[in-house]
Protein chains: 2
Amino acid sequence: MKGQPEIAKFQFRATNRWINGTHNRGTINGYYGAGQEMSRAQDFTFDADHPPVLVGGDNGPTPVEYVLHALAACLTAGLANIAAARGIQLTEVQSTVDGDIDLLGILGLDDTVRNGYQQIRVSFMVKGDAPAEKLRELVEQSRRRSAVFDVLTGSVPVSIDVTTA
Amino acid sequence: MKGQPEIAKFQFRATNRWINGTHNRGTINGYYGAGQEMSRAQDFTFDADHPPVLVGGDNGPTPVEYVLHALAACLTAGLANIAAARGIQLTEVQSTVDGDIDLLGILGLDDTVRNGYQQIRVSFMVKGDAPAEKLRELVEQSRRRSAVFDVLTGSVPVSIDVTTA
């Protein structure tokens, strides 16, 4: 890949369709990578919604919960890859991610409160055939190379365009 | 809520369990909000994996695709809420989100390349019983109040702890 940097360029995609209220459905399939358009055998579809206490119908997780899921999944996949590369056999990896949001921000009731998470905490439980120190290093290296950790702790330029017909 | 700011404090959560290779499964259910512990009638579970070209089995979307899904879902739910508040009847809302990642970053092959998305683009198609300008304003106001847009374009403190037995 180092001699052919073009094959390292990926573009991922998701589409979404509004259903009603806060309920909408996302679809994930095609992406560009390794120099070509790629697709899966079938679409992955995911409903998102708000809970009743936030005027939704609980037809799926909230968008912000999907973000926590993405972070756990990214750190876990990385950790497993790094363990394999280092010859460490994992027997169990579990994690919990939680994040605090103060709705006064989203609702526009307090300009000093941000819209998104104020803090996110990740707790890993890792078991495998290596000393505790080596297992901890797997998590640390995964964090260092995690795409989702990067986009949450850093800043991504996001552009939005709108068509109305 | 302004008179009782405590009920605006929410904590969302996701748990994850490693299955094998880059395949892992996330579970979303309980959260704290409106002053109490809340739960859904059933767990939401989501597999994540890498595609074969990234040494996975395509058992689910990649973690970074879940991030794009979360962004589309957040902007769409917000847009629908704002339309309802403004008395605009929506008939169709669709969106596509794409993001560019150069794997030279994640793979540690080029220190000048970030791990995460270099750029994310969102395209909305909105139809409803209001002039184009009013429909565009819905997207703009949703962006302004979106929690997922905020965490991607801003920076969130993320702490990670590890237990090994």
Stokes-Einstein D in µm²/s, Kirkwood radius over Cα pairs - segment B:66-112 at 10 °C with 1.306 mPa s viscosity: 119 µm²/s
task: Determine which residues of segment A:50-75 fall in the zone a paramagnetic label at B:Met38 would reach in this model, i.e. backbone nitrogen under 13 Å from the point 7 Å along Cα→Cβ.
output: A:50-65
- line: The simple spin-label model distance between A:Thr163 and A:Gln11, using points 7 Å out along Cα→Cβ, in nm, is 1.5 nm
Average partner coverage of B:102-109, which counts Cβ from other chains inside 10 Å: 6
message: Using a Gaussian network model on chain B with a 10 Å cutoff between Cα atoms, which of B:Leu79, B:Leu152, B:Leu68 fluctuates the most?
response: B:Leu152
statement: Partner shielding of A:120-133, taken as the mean number of other chain Cβ atoms within 10 Å, equals 4
- request: Classify chain B as rounded, prolate or oblate, taking a ≥ b ≥ c as the square roots of the eigenvalues of its Cα gyration tensor: rounded when a/c is under 1.5, otherwise prolate if a/b is larger than b/c and oblate if not.
  value: oblate
query: What is the spread of the Cα atoms of the protein assembly as shown along each of their three principal axes, largest first, in whole Å?
result: 60, 45, 34
message: Along the Cα→Cβ direction, 7 angstrom out, place labels at A:Ala132 and A:Thr112. What is the inter-label distance in nm?
response: 4.1 nm
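Values in this text are rule-based calculations from the coordinates and carry no lab data. Because the structure is predicted, anything quoted here is derived from the model rather than measured. Glycine also receives a Cβ, built like all others from the backbone with ideal geometry; neighbour counts cover every protein chain displayed.
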